[in-house]
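Engineer: Sharing a structure here in structure tokens format.
Computed from the coordinates by the stated procedures, all read-outs in this text should not be read as laboratory data. Just so we're clear, the structure is a prediction, and the values are computed from it rather than from any experiment. So basically every Cβ, Gly included, is an ideal-geometry build from the backbone, and we count neighbours across all protein chains shown.
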Amino acid sequence: MRATTAVIPAAGLGTRFYPVTKAVPKELLPIVDVPAIQLVIDEAIAAGCDHIVVVSHPSKGPIERYLTPDATVVAKVRDSGRTEMADRLACIGTEVRVTVVHQDAPRGLGHAVGCARAAVGGNPFAVLLPDELMGDANLLVALVDSVDATGVGAVGLMRVPADEVSAYGVVTPSAASPHEGPFQIVDVVEKPRREDAPSNLIIIGRYVLTPDVFEEIDRLSPQANGEMQLTDALRSQSATSPLTGLLNRSKRWDTGTPMGWLIAVVDIALERPDVANAFGAWLRQRVDP
Ligand code: G1P
């Protein structure tokens with residue numbers, strides 16, 4: 001069964017981006033002139049999803065405003081000649097159904113995904129963390145295909161230098177897995193110390209999961225900080241049936257910090273045909289006058 005629902009956890013308070021996130025949800029920070037959440041929704045739609053479930057927080061009303069269809073805005077964007085952008089906006093809330101559910105307190109990614117359970121129903125579903133932006137939908141398509149073919153969950157992976165593993169979920173691939181994947185994941189650990197990490201393969205924020213993961217989420221007990229990790233639910237799942245790990249082969253930006261966001265904005269601007277030339281010329285002059 002192909003995953004056609006995409007869950008976007010967006011309930012975090014964005015404290016690393018204070019003060020801007022006092023008023024503007026992190027997911028609406030612009031990548032040039034497009035909010036990050038729009039890029040993630042575009043990716044989900046490109047991978048075949050027609051139902052987007054956003055897990056938000058009651059204080060983040062602007063996300064709901066952004067997701068509310070607005071024919072006047074679409075018409076203005078279209079009139080300005082930006083047809084492709086107008087089409088991307090027009091389908092949200094029309095052909096592509098949007099459900100917003102609330103996570104009332106920061107109780108971790110596992111709990112956030114659990115909040116989407118009723119909206120997801122009983123089929124495989126994608127999870128896209130909007131802190132991470134991808135150059136295209138290829139990884140998500142490959143994850144959807146994998147789950148459709150195998151019936152077990154699949155996660156996107158990337159190799160990182162050893163000093164970066166402690167910021168991520170890290171997987172243990174089975175000894176039989178080829179170096180380039182697909183990997184059979186036999187264990188997962190959240191944010192290990194560098195010396196304890198089982199590999200340098202991190203989970204990037206793209207998952208396609210089977211609905212039985214909700215039972216694992218139900219069984220999670222909160223950590224000392226009150227949070228429940230999705231990684232711990234995947235860990236118990238992988239102990240009984242190994243998940244599949246697929247290496248990302250496209251570009252990926254981690255916008256979880258102001259520096260990462262800035263890099264993404266500059267890099268994506270340099271790829272946008274409408275701004276690349278003028279911005280690239282200015283940037284070259286700025287760094288090498
Ligand atoms: C979350 C997950 C982690 C994953 C990461 C990807 O961490 O818990 O397993 O590797 O996203 O970005 P967070 O960035 O929310 O701390």
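Engineer: Name the residue that is nearest to the ligand (Cβ to nearest atom), counting only residues in the stretch 189-226 that are assigned to a loop (DSSP other than H, G, I, E, B) and within 19 Å of the chain's Cα centre (by Cα). Break it down stepwise before answering.
Structural biologist: Filtering the stretch 189-226 for residues assigned to a loop (DSSP other than H, G, I, E, B) gives 191-193, 197-200, 210-212, 220-226.
If we keep only those that are within 19 Å of the chain's Cα centre (by Cα) too, we end up with 191, 210-211.
Values: K191: 7, T210: 18, P211: 20 Å.
Among residues in the stretch 189-226 that are assigned to a loop (DSSP other than H, G, I, E, B) and within 19 Å of the chain's Cα centre (by Cα), the one nearest to the ligand (Cβ to nearest atom) is K191.
Engineer: Counting just the residues of the stretch 15-28 that are surrounded by fewer than 20 Cβ atoms within 10 Å (Cβ to Cβ) and in a loop (DSSP other than H, G, I, E, B), which one comes out nearest to the chain's Cα centre (by Cα)?
Structural biologist: Step by step, filter the stretch 15-28, then rank; the result is V24.
Engineer: Still on this structure, please answer the following. Looking for whichever is farther than 28 Å from D33 by Cα, surrounded by fewer than 19 Cβ atoms within 10 Å (Cβ to Cβ) and either among the hydrophobic types (A, V, I, L, M, F, W, C) or without any contact (Cβ under 8 Å) to a residue 60 or more places away in the chain (or both) here; the options are A149, A154, A142. Which one fits? Spell out the reasoning first.
Structural biologist: On the way: A154 fails: surrounded by fewer than 19 Cβ atoms within 10 Å (Cβ to Cβ); A142 fails: surrounded by fewer than 19 Cβ atoms within 10 Å (Cβ to Cβ).
A149 is the lone residue from the list that is farther than 28 Å from D33 by Cα, surrounded by fewer than 19 Cβ atoms within 10 Å (Cβ to Cβ) and either among the hydrophobic types (A, V, I, L, M, F, W, C) or without any contact (Cβ under 8 Å) to a residue 60 or more places away in the chain (or both).
Engineer: If you don't mind, another one. What are the pairs, 6+ residues apart or on separate chains, where a residue within the stretch 1-21 that is without any contact (Cβ under 8 Å) to a residue 40 or more places away in the chain has its Cβ under 6 Å from a residue that is within 13 Å of the ligand (Cβ to nearest atom) and assigned to a loop (DSSP other than H, G, I, E, B)?
Structural biologist: Between residues of the stretch 1-21 that are without any contact (Cβ under 8 Å) to a residue 40 or more places away in the chain and residues that are within 13 Å of the ligand (Cβ to nearest atom) and assigned to a loop (DSSP other than H, G, I, E, B), the close pairs are T21/G14.
Engineer: Please state which of the following conditions S238 fails to meet, knowing it meets all the rest: (1) within 15 Å of the ligand (Cβ to nearest atom); (2) closer than 21 Å to V141 by Cβ; (3) polar (S, T, N, Q).
Structural biologist: Of (1) within 15 Å of the ligand (Cβ to nearest atom); (2) closer than 21 Å to V141 by Cβ; (3) polar (S, T, N, Q), only one is false for S238: (2).
Residue-by-condition table, conditions (1) closer than 21 Å to A116 by Cβ; (2) of a type in the set (V, I, T); (3) surrounded by 14 or more Cβ atoms within 10 Å (Cβ to Cβ):
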residue: S236; (1), (2), (3): yes, no, yes
residue: A239; (1), (2), (3): no, no, no
residue: L243; (1), (2), (3): yes, no, yes
residue: N248; (1), (2), (3): no, no, yes
residue: K251; (1), (2), (3): no, no, no
residue: T255; (1), (2), (3): no, yes, yes
residue: W261; (1), (2), (3): no, no, yes
residue: I268; (1), (2), (3): no, yes, yes
residue: E271; (1), (2), (3): no, no, no
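Engineer: Taking the stated definitions as given, is T257 hydroxyl-bearing (S, T, Y) and under 25 Å from P124 (Cβ atoms)?
Structural biologist: On the way: hydroxyl-bearing (S, T, Y): yes; under 25 Å from P124 (Cβ atoms): no.
For T257, the condition - hydroxyl-bearing (S, T, Y) and under 25 Å from P124 (Cβ atoms) - is not met.
Engineer: What pairs come up if the first residue lies in the stretch 106-134 and is under 19 Å from A154 (Cβ atoms), the second is within 11 Å of the ligand (Cβ to nearest atom) and small (G, A, S), and their beta carbons are under 7 Å apart, counting only those six or more places apart or on different chains?
Structural biologist: G110/A233; L128/G205; L129/G205; E132/G205
Engineer: Can you name every residue in the stretch 167-180 that is over 17 Å from A239 (Cβ atoms) and surrounded by 15 or more Cβ atoms within 10 Å (Cβ to Cβ)?
Structural biologist: Once the filter is applied, which keeps residues that are over 17 Å from A239 (Cβ atoms) and surrounded by 15 or more Cβ atoms within 10 Å (Cβ to Cβ), the stretch 167-180 yields only Y168.
Engineer: Of I263, I268, which residue is under 21 Å from E164 (Cβ atoms) and among the aliphatic types (A, V, I, L, M)?
Structural biologist: On the way: I268 fails: under 21 Å from E164 (Cβ atoms).
The match here is I263.
Engineer: Considering each of P222, P289, P242 in turn, give the residue that is over 30 Å from P178 (Cα atoms) and out of contact with any Gly (no Cβ under 8 Å at 6 or more places or on another chain).
Structural biologist: Working: P222 fails: out of contact with any Gly (no Cβ under 8 Å at 6 or more places or on another chain); P242 fails: over 30 Å from P178 (Cα atoms).
Exactly one of P222, P289, P242 is over 30 Å from P178 (Cα atoms) and out of contact with any Gly (no Cβ under 8 Å at 6 or more places or on another chain), namely P289.
Engineer: While we're on this one: Residues V152, V147: which one is away from the ligand (no atom under 16 Å from the Cβ), more than 16 Å from S250 (Cβ to Cβ) and not in a helix (DSSP H, G or I)? Give the steps one after another, and end with the answer.
Structural biologist: Values: V147 fails: not in a helix (DSSP H, G or I).
Result: V152 is the single residue among V152, V147 that is away from the ligand (no atom under 16 Å from the Cβ), more than 16 Å from S250 (Cβ to Cβ) and not in a helix (DSSP H, G or I).
Engineer: Test of understanding: among V74, V53, V40, which residue is touching a helix residue (DSSP H, G or I) at 6+ places or on another chain (Cβ under 6 Å) and within 26 Å of T210 (Cβ to Cβ)? First the steps, then the outcome.
Structural biologist: Working: V74 fails: within 26 Å of T210 (Cβ to Cβ); V40 fails: touching a helix residue (DSSP H, G or I) at 6+ places or on another chain (Cβ under 6 Å).
The match here is V53.
Engineer: Report yes if D79 is away from the ligand (no atom under 16 Å from the Cβ), among the acidic types (D, E) and closer than 28 Å to L270 by Cα, otherwise no.
Structural biologist: Answer is yes for this residue.
Engineer: I've got another one for you. Collect the residues in the stretch 160-184 that are within 13 Å of the ligand (Cβ to nearest atom) and either under 19 Å from V113 (Cβ atoms) or touching a strand residue (DSSP E or B) at 6+ places or on another chain (Cβ under 9 Å) (or both), keeping them in residue-number order. Explain how you work it out, then say what you get.
Structural biologist: Narrowing the stretch 160-184 to residues within 13 Å of the ligand (Cβ to nearest atom): 160, 164-171.
If the condition is that a residue be within 13 Å of the ligand (Cβ to nearest atom) and either under 19 Å from V113 (Cβ atoms) or touching a strand residue (DSSP E or B) at 6+ places or on another chain (Cβ under 9 Å) (or both), then V160, E164, V165, A167, Y168, G169, V170, V171 are the ones that fit.
Engineer: I'd like to verify a number: residues in the stretch 228-278 that are part of a loop (DSSP other than H, G, I, E, B) and touching a helix residue (DSSP H, G or I) at 6+ places or on another chain (Cβ under 9 Å), how many? Reasoning before the result, please.
Structural biologist: If we filter the stretch 228-278 for residues that are part of a loop (DSSP other than H, G, I, E, B), which is where we start, we get 228-229, 241-242, 248-251, 255-257, 270-275.
Filter once more, keeping what is touching a helix residue (DSSP H, G or I) at 6+ places or on another chain (Cβ under 9 Å): 228-229, 248-251, 255-257, 270, 272, 275.
Matching residues across the stretch 228-278 total 12.
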